Amino acid sequence: MPHQTTPPDGEHTQIIIVGAGYAGLACAIECKRKGHQVLVLEKVQKFKVLGDVISLGSNAGRIIARWGLHDKLWDICGHAPALKLHDYRGELIQVQPLPQPLFGAYAYNGHRAQIHEVLFQYALSIGVEIRMDQDVGGYWESAETNKAGVFVQGEKLEADVVVAADGIKSQARQFILGYRDNPRPSGYSIYRAWFDAVEHGIDTDTLTDFLCKDGDVLYGWIGQDVHFLTSSQRQGKSISWVITHKDNTDIQDGWSFPGKIEDVLRIVEGWDPRCAAIISKAPSCIDWKLIVHDPLPTWLSKGARVVLIGDAAHPFLPTSVQGASQAVEDGVTLAVTLKLAGKGDVPLATRTWEAIRYQRVRKSQLLGESTRDKWHRAKPGDNGEDLDLPMPEWLHAFDAEEHAYSVYDGIAKSILEKGYLLPTIP
Ligand SMILES: Cc1cc2nc3c(=O)[nH]c(=O)nc-3n(C[C@H](O)[C@H](O)[C@H](O)COP(=O)(O)OP(=O)(O)OC[C@H]3O[C@@H](n4cnc5c(N)ncnc54)[C@H](O)[C@@H]3O)c2cc1C
C-alpha cells in the first residue's frame, strides 16, 4: 500500500464533510491522513451520550487499528467470546464462537457514544477542523467553476467536493436525487436499552446474574418474528438489550421514541423467564422504528461533486451488524480515490468510488435481512451453524484501503472509456 503523502501547497483537494457521525469522522480522518484539506460541519452543538450498543466489524477494526486506537477501544468495549443462541423457551440451540481477532483484525462492540468520542478526539488530535452547531441547509455545485459547496448559517461555503454524511434523515439526498426519497417502515421495530448492571440489580438476581458473573457474554433468543439479544460489556459492568419485533406503525418524522417496558414485556410473555427478568431491570428503553429506503439509483450529484456516504446513502438493518463498518469503509475508500484522481479530477474519483462501493454495500445490506428472516422463521428443533450470525470472509477479511488502491486504475479506466455507468442492483 502506498505511503501517506502530502501534496504540495495549492494541490490539496478541499473537502467539506457534512456530519461528524461514524461515516463523516472516518472520511475526515482518512482524508486528513492522505493530505487533503478537510472541514467538517456538524449540526449539534455538543454530542450527547445517546444510543447504546454499536458494532464495528473486523473490516472496520482493521482500519481503526491503523489509526493506533486499538487499546483505547478495547478498554471500553465488550469481549463476549461467543453468541449463545436459544429458542424462545430457553433451550440452547447454538453456540457460535466469536473469535478475536477475526481474519487478522479486531471487532469492537461497545457504547456508540463512547466509541464515537474516541474517534472524534482522534480526528481533532490529527488536526481535522470540526465546526459544531452548523446545520447545513443546502447544497450546490457548478460545472463552470468545478466547485461544490453548502449553505450554512447564512454563508455559502466552497470546496472541490462535498461529502454528505448526514445520516439516515439526510437532507442532501434530495439534492442528489432531485426528489424527496421517503423512507418506509420496514415492518419491524427495536426496543433497546443500555444500563448499569450493579445499579439495576442484574448481579443480585439469580435469573440475570449470568450476565455479569463471568466476564462479558452475548445471549440471544429467537421466536416467531421476534429476536432478543442481550450482552454485557466492560467485565459485566454494563448491560444492553435489543429486541426486534413486528411493528407496522407508519413513521413520518422521527423514528426513535421513549418505549414502555410493559410493552416490551408483553412481547416475551411465555418465553424463557430470564428474558423478562433482564428486560424489567432496565430503567428505560427506546422504541426505534426500523425504516428502509429502496437502494438509491446513485449516491452522486449530477456533476459528481456532492457525494452521499454512510446511512445517508444506504441505511442498514441492525441484523447486518455492518452499518457503522460500511460507513467507515465508505470514508476510507473515498479518501483513496480522491487522492489517486487528484484535485483536478474529483468527478472521476467519486464515480470510481461509487463503482467500488455500490455492490459490496448492497450485498452486506441483504445479509442483514436474511439473518433476521432466518431467525424469525426458525422452527422449534432447528439448531446448528445455519443459525449463526454470518461472518463471511468476503465481508470481514476485507481491507477497504488496500482494495481501493488495487482496483482504482482498472475501474477509473473503464469509466473514462465507457462513460459513467449507473451502478446495477444485484
Ligand atoms: C445520536 C445517535 C445515536 C445512535 N445510536 C445508535 C446505536 O445505539 N446503535 C446503532 O447501531 N446505531 C446508532 N446510531 C446510528 C449509527 O451511528 C449509524 O447507523 C452508523 O454509524 C452510520 O453512521 P453515519 O455517520 O452515516 O450516520 P450518523 O451516525 O447518524 O451521523 C450523522 C451525523 O450527521 C449530523 N447531521 C445531520 N444533519 C446534519 C446537517 N443538516 N448539518 C450538519 N450535520 C448534520 C448528525 O448530527 C450526526 O452527527 C445512532 C445515530 C445517532 C445520530
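When the P(r) of the chain is calculated, the portion above 35 Å amounts to 28% of the C-alpha pairs. Compared with the dominant Cα axis of the chain, that is its longest principal axis, helix 323-341 is turned about 20°.
Taking label positions 7 Å along the Cα-Cβ direction at both Phe151 and Gln235, the computed distance is 5.5 nm, reported to one decimal.
Calculate, for Glu91 and Asp409, the FRET efficiency according to 1/(1 + (r/R0)^6) with r their C-beta to C-beta distance and R0 56 Å; round to the nearest 0.05. Taking R0 as 56 Å, the efficiency between Glu91 and Asp409 is 0.55.
What's the carbon and sulfur percent of the chain's accessible surface, probe 1.4 angstrom, rounded to a whole number?
Numbers: 9250 of 18410 Å².
The computed percentage sits at 50.
Averaging the sequence gap over all C-alpha pairs within less than 8 Å and six or more residues apart, then dividing by the number of residues, gives region 15-66 a relative contact order of 34 percent. Label zone (Glu158, point 7 Å along Cα-to-C-beta; backbone nitrogen cut-off 15 Å) within region 9-36: 14-16. Working from label points 7 Å from Cα in the Cα-to-Cβ sense, the Glu393 to Ala113 distance is 4.1 nm.
What FRET efficiency, computed as 1/(1 + (r/R0)^6) with R0 = 35 Å and r the Cβ-Cβ distance, is obtained for Arg377 and Lys46, rounded to the nearest 0.05?
Numbers: r = 44 Å, r/R0 = 1.24.
It comes out at approximately 0.20.
For the chain, what does -39500 (n - 2.57) per DSSP helix run (n ≥ 4), summed and divided by total residues, give at 222 nm, in deg cm²/dmol to the nearest 500?
Values: 11 runs with 137 residues, N = 426.
Result for the chain, helices only: -10000 deg cm²/dmol.
Were the residues from Leu366 through Leu207 laid out at 0.36 nm apart, the gain over their Cα-Cα distance would be 53.7 nm.
Each of the peptides 26-32, 368-374, 227-233, 72-78 was scored by the mean count of other Cβ atoms within 10 Å over its residues; in descending order, highest first, they stand as 26-32, 227-233, 72-78, 368-374. With θ taken as phi - 60° and the Karplus curve 6.51 cos²θ - 1.76 cosθ + 1.60 applied, the whole-hertz 3J(HN,Hα) list for region 166-173 is 9, x, 5, 8, 2, 8, 5, 4 Hz, x standing for glycine and proline.
How many percent of DSSP beta bridges within the chain run antiparallel, rounded to 5?
Working: 57 of 77 bridges.
Around 75 percent antiparallel, to the nearest 5.
Each 10 Å bin from 0 upward holds the following percent of the Cα-Cα pairs of region 184-292: 15, 47, 29, 9, 0.
Between the helical axis of 400-418 and the longest alpha-carbon principal axis of the chain there is an angle of about 50 degrees. Take Gln121 and Gln359, extend 7 Å from each Cα along the Cα→Cβ direction, and tell me the distance between the two endpoints in nm. Between Gln121 and Gln359, the label points sit 4.2 nm apart. Each of Gln233, Pro283, Val268 was placed along the dipole of region 184-292 (beta-carbon charges, centred on the mean Cα), and the one lying farthest toward the positive end is Gln233.
Which translational diffusion coefficient, to the nearest whole µm²/s, is obtained for region 113-204 from the Stokes-Einstein equation, given a Kirkwood hydrodynamic radius over C-alpha pairs, 10 °C and 1.306 mPa s? Mind dumping the intermediate values first?
Values: Rh = 17.4 Å.
The calculation lands on 91 µm²/s.
Highest average first, the peptides 44-52, 237-245 ordered by how many other beta carbon atoms sit within 10 Å of their residues are 237-245, 44-52. The peptide list 336-344, 204-212, put in order of mean Cβ contacts within 10 Å with the highest first, becomes 336-344, 204-212.
Quick one: angle between helix 22-33 and the longest Cα principal axis of the chain, in degrees between 0 and 90, rounded to 10, please. So the inclination is approximately 40 degrees.
Distant-in-sequence amide contacts of Leu102, defined by a placed amide H-H separation under 5 Å and a gap of 5 or more residues or a different chain, comprise Ala107.
The values are calculated or read from the model by the stated rules, or taken from the named source; none is laboratory data. Everything numeric in this text was worked out from a predicted model, so none of it was measured. Positions of Cβ are backbone-derived with ideal geometry, glycine not excepted, and every protein chain shown enters the neighbour counts. With ligands, DNA and RNA removed, areas are computed over all heavy atoms of the protein, side chains included. Shrake-Rupley method; radii C 1.70, N 1.55, O 1.52, S 1.80 Å.
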